[in-house]
Amino acid sequence: MIDVILNTIVSGILIGGFYAACAIGLSISFGMLRIPNIAHPGFIIAGGFLTYYFNKTFGLDPLLAGLLIIPIFFAFGFLLYRGYNRFFESKRDEREGQMSALVLFFGVLMIIEALLSVTFGVDFRTVTTPWSSIVLHFGSVGICLRMAVPFLCSVLMVCILYLYFSKTYLGLVIQAVAQDSMAATLIGSDPRFAKSIAFGISFSTAAYAGTLFVCLVPVEPSLGMQFLGRVFSIAILGGLGSPLGTAVAGLIVGITESLTTAYIGSSWTLAVSFILLLIIIAVKPTGLFRR
Amino acid sequence: MSMKRFGLMLIILVVVASFSMAGGKAEGQEGSDTEPIRIGASLALTGNLGSAGKSILLAWQICLEDWNAKGGVLGRPVELVYYDDHSNASEVPGLYTKLITVDKVDFIQSPYGTPAITAAMPIAMEHGMVYPGNAALAANKEFNYKYYFSFWPLGPRQVEGIADLFFEAAMSSGEKNLTVAILSEDNEYGARVSEGALESVKKYGLKVVYNDRYPPSPATVDFTPVVRAVQNTGADLFFVGSFPQGTISIIKACKEVGYKPKLFGGAMTGVAYAANLTELGPLLNGVCACCYYVPEPTIQFGNVEDFLETYQSRAAVEGVDPLGYYNPPWAYSSMDTLLKAIEATGSLDQTVVGDYILANGWDSVVGKGAWDPAGSGEIAESRGFLVQWRGIESNDLSEFMVPGKQVIIAPEEYQSGPMLWPSPLFED
């Protein structure tokens, strides 16, 4: 009995870490930049497909392939923000800007899906590595590397982002711009540059989350649209703009889903997760870690 | 924000959404010297069922090309009008209403899969259209529509058919007091699979120790908790009704948690697609699933091999499932039977064509046969069989194109080898 509980909780922790990796970029773009980038899950899937491409074409380990695509996504995010700022954000007040962003990124999400379908087809794609099927046993607890490696990568990603935003000069500037863009300008920072960097980082996390995704389960082009609700809910639950909060929210959702599946029934998994989300949001509307 | 700007954004949103809704391609919209006969359908060309939808589309296109090369039907060319339903059954009724009332197609073909086919059934009935079905599990059970013709090889016992094959094979082991776990995807297909499995289990006097459904992809990312819950029951037989992503993930999860039931599989869709076969490779060893074509010597259905040769040469170029073992032969037959009926009756009248198909049965690359006399719209005799994979040593596609690796273990008439019991799951 204890064995089953332990294994179930471990599964929840592992999948929760992966959820955090998926949601953390959205937390940055929505929480810090106030850009509701609903195309974020689409970029995650795009990251998964590019990883698949590098793995199949050049035989690269997916984790290495993921590192290679990060600069591409960073540059794309950086430039996309410049374009967004030039044509949308700077011409509208915040509320209008968010409305524009919803429309813009909804379109981007569908363009990504169409491009992936045309380029890679609509079959499910995944990568299998020599470590994918290895299961490590710690007493009665079995941990499959297919789950554990994405979890560890997610933890690393959260730690790096946490340190970056709290300890580096540029990270602190981004936080300052997120809090009060005008005041940040007065002390000599360039909000547009800071936001471009933050958006690039957000896209980079999407790229690597995609890498982890394609290591975990098969992906197909439309998964981004279908994954939208879960990614948003975890980002909101954790408190927008908080890497640590997103990680905790991911773990809560992962463990809840896992325990629900094991002890209530897998058909209740989503319902229980969203009930939990509603309760936490009702008690703390800003999410777990948002000040 | 001014009303004008808000209105502009709303228009952009609607336009973008419209592209999404009708993202497919409508062929044959333009007229020609001789008015074409137009066949309309929606298909899952994107989304989680896109692989199946695209392979069906290719089969239909090959069929239409064959007919047009012979001079068409009733001396007129035949054209296809189709839309992408994004594997989303809720989009299907709207698309079929558009096909019938706006595009004014002459005939329709069903979309792919139980949820979508069921969703379009009321539209077909309302307009009295002949409705050839492409891969649904007992879609006509509640409707009893006279002109629904299911081109799916399970026969009248649709709901119990796959489960019967699976549990019959388990019973043939001679082992007593076997316990059963049933797990299926939480959609129309999964519901019917579960229902059928429960009926079948009752018939064979087996004991169910687990019965649940999981939320459809991508809501369930990690299947290890659910598989561990099944493992905890100690079920001897693990019967699964899953869509492709679930199929792959459940097989991997079983391997990872070390769960080796004596028989595992059943109604796992997607195992016939090349992408999934090559993804799973040796992990398929010992798994049993219902299939409709494998290159085994006991399978002699019509001209399937000839069709597959054409299909495979085209599929490689068009980036569609390169094997075509699952839907394509039946999809070709579905279109071919409809066109033969139009040609034979010399009529475009739905009732005349429908009555002809009802009376004359089906006759195409998958062979020929009659319809269920009880009026279910299913073929009279089942053509499904249970395959047990064995001896798969790599993830290369060629492993699945030779006899002896996908051995038919039930029913007896198609059996190409003995069942390995207990299943040597995941063994190289």
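Look through segment A:251-291, keep the residues that are touching a helix residue (DSSP H, G or I) at 6+ places or on another chain (Cβ under 7 Å) and hydroxyl-bearing (Ser, Thr, Tyr), and return whichever of them is farthest from the other protein chains (Cβ to nearest Cβ). Ranking the candidates gives A:Thr256 first. The conditions of being touching an Asp or Glu at 6+ places or on another chain (Cβ under 9 Å), surrounded by fewer than 20 Cβ atoms within 10 Å (Cβ to Cβ) and not charged (D, E, K, R) are met by B:Tyr204. For A:Val118, the requirement of being under 20 Å from the mean Cα position of the chain (by Cα) and either closer than 30 Å to B:Ser249 by Cα or of a type outside the set (Lys, Arg) (or both) is not met.
Between A:Ile174, A:Ile143, the distinction of being within 22 Å of the chain's Cα centre (by Cα), of a type outside the set (Phe, Trp, Tyr) and either more than 14 Å from chain B (Cβ to nearest Cβ) or not in a loop (DSSP other than H, G, I, E, B) (or both) belongs to A:Ile174 only. Determine if segment B:179-186 includes at least one residue that is more than 14 Å from chain A (Cβ to nearest Cβ) and in contact (Cβ under 8 Å) with a residue 12 or more places away in the chain. Yes, that holds for at least one residue. Considering only residues that are within 11 Å of chain A (Cβ to nearest Cβ) and in contact with a Leu (Cβ under 7 Å, 6 or more places away or on another chain), look in segment B:244-261 and name the one that is surrounded by the fewest Cβ atoms within 10 Å (Cβ to Cβ). That would be B:Lys255. Filtering segment B:138-177 to residues that are closer than 14 Å to B:Asp372 by Cα, more than 18 Å from the chain's Cα centre (by Cα) and either surrounded by 19 or more Cβ atoms within 10 Å (Cβ to Cβ) or charged (D, E, K, R) (or both) leaves B:Tyr145, B:Lys146, B:Tyr147.
The single condition from (1) within 14 Å of chain A (Cβ to nearest Cβ); (2) under 26 Å from B:Phe307 (Cα atoms); (3) surrounded by fewer than 19 Cβ atoms within 10 Å (Cβ to Cβ) that B:Asp84 fails is (3).
Quick check on this structure: which one of B:Glu65, B:Glu27 is among the charged types (D, E, K, R), within 28 Å of A:Thr119 (Cβ to Cβ), modelled with pLDDT of 95 or more and surrounded by fewer than 17 Cβ atoms within 10 Å (Cβ to Cβ)? Before the answer, list the steps.
On the way: B:Glu27 fails: modelled with pLDDT of 95 or more.
Of B:Glu65, B:Glu27, the one residue that is among the charged types (D, E, K, R), within 28 Å of A:Thr119 (Cβ to Cβ), modelled with pLDDT of 95 or more and surrounded by fewer than 17 Cβ atoms within 10 Å (Cβ to Cβ) is B:Glu65.
Looking at segment B:277-289, can you tell me whether even one residue there is within 17 Å of B:Leu386 (Cα to Cα), hydroxyl-bearing (Ser, Thr, Tyr) and in contact (Cβ under 8 Å) with a residue 12 or more places away in the chain? Break it down into steps so the answer makes sense when it comes.
From segment B:277-289, those within 17 Å of B:Leu386 (Cα to Cα) are B:277, B:284-289; that's our starting set.
Restricting the remaining residues to those that are hydroxyl-bearing (Ser, Thr, Tyr) gives none.
Checking segment B:277-289: not a single residue is within 17 Å of B:Leu386 (Cα to Cα), hydroxyl-bearing (Ser, Thr, Tyr) and in contact (Cβ under 8 Å) with a residue 12 or more places away in the chain.
Taken over segment B:123-137, the criterion of being part of a loop (DSSP other than H, G, I, E, B) and under 19 Å from the mean Cα position of the chain (by Cα) is satisfied by B:Ala135, B:Ala136, B:Leu137. Against the numbered list (1) within 14 Å of chain A (Cβ to nearest Cβ); (2) surrounded by fewer than 20 Cβ atoms within 10 Å (Cβ to Cβ), B:Ser55 comes up short only at (2).
Of all residues in segment B:185-214, those being in a helix (DSSP H, G or I), under 16 Å from B:Gln245 (Cα atoms) and aromatic (Phe, Trp, Tyr) number 1. In segment B:262-286, of all residues being over 19 Å from the mean Cα position of the chain (by Cα), crowded, with 23+ Cβ neighbours inside 10 Å and over 20 Å from A:Ile134 (Cα atoms), the one that is nearest to the other protein chains (Cβ to nearest Cβ) corresponds to B:Phe264. Condition first: surrounded by fewer than 23 Cβ atoms within 10 Å (Cβ to Cβ) and in contact with a helix residue (DSSP H, G or I) (Cβ under 6 Å, 6 or more places away or on another chain). Now tell me which residues in segment A:228-238 satisfy that. A:Leu228, A:Ser233 - these are the residues of segment A:228-238 that are surrounded by fewer than 23 Cβ atoms within 10 Å (Cβ to Cβ) and in contact with a helix residue (DSSP H, G or I) (Cβ under 6 Å, 6 or more places away or on another chain).
Residue check: is B:Asp349 buried (at least 17 other Cβ atoms within 10 Å of the Cβ) and either closer than 25 Å to B:Leu308 by Cα or charged (D, E, K, R) (or both)? Can you show your working first?
Working: buried (at least 17 other Cβ atoms within 10 Å of the Cβ): no; either closer than 25 Å to B:Leu308 by Cα or charged (D, E, K, R) (or both): yes.
For B:Asp349, the condition - buried (at least 17 other Cβ atoms within 10 Å of the Cβ) and either closer than 25 Å to B:Leu308 by Cα or charged (D, E, K, R) (or both) - is not met.
Answer yes or no: is there a residue in segment A:271-291 that is modelled with pLDDT under 85 and among the charged types (D, E, K, R). The answer is yes, given that some residue of segment A:271-291 is modelled with pLDDT under 85 and among the charged types (D, E, K, R). Scanning segment A:45-99 for residues that are closer than 28 Å to A:Asp123 by Cα, within 14 Å of another protein chain (Cβ to nearest Cβ) and either of a type in the set (Lys, Arg) or not in a helix (DSSP H, G or I) (or both) yields A:Lys56, A:Gly59.
Given the condition more than 14 Å from every other protein chain (Cβ to nearest Cβ) and either buried (at least 17 other Cβ atoms within 10 Å of the Cβ) or within 21 Å of A:Pro243 (Cβ to Cβ) (or both), answer yes or no: does some residue in segment A:7-25 qualify? Yes: one or more hits. Annotation: A:Val103 fulfils all but one of (1) modelled with pLDDT of 90 or more; (2) within 11 Å of chain B (Cβ to nearest Cβ); (3) surrounded by fewer than 21 Cβ atoms within 10 Å (Cβ to Cβ); the unmet one is (1). The set of residues in segment B:102-122 that are farther than 11 Å from B:Gly40 by Cβ and in a helix (DSSP H, G or I) comprises B:Thr114, B:Pro115, B:Ala116, B:Ile117, B:Thr118, B:Ala119, B:Met121, B:Pro122. Counting only residues that are closer than 22 Å to A:Val272 by Cβ and among the polar types (S, T, N, Q), which one in segment A:212-233 is nearest to the other protein chains (Cβ to nearest Cβ)? For segment A:212-233, the residue satisfying everything is A:Gln226. Would you check which residues across segment A:100-140 are of a type in the set (Gly, Ala, Ser) and either closer than 23 Å to B:Arg228 by Cβ or in a loop (DSSP other than H, G, I, E, B) (or both) and list them? Those that are of a type in the set (Gly, Ala, Ser) and either closer than 23 Å to B:Arg228 by Cβ or in a loop (DSSP other than H, G, I, E, B) (or both): A:Gly121, A:Ser132, A:Ser133, A:Gly139, A:Ser140.
The values are calculated or read from the model by the stated rules, or taken from the named source; none is laboratory data. These numbers come from a predicted model, not from an experiment. So basically every Cβ, Gly included, is an ideal-geometry build from the backbone, and we count neighbours across all protein chains shown.
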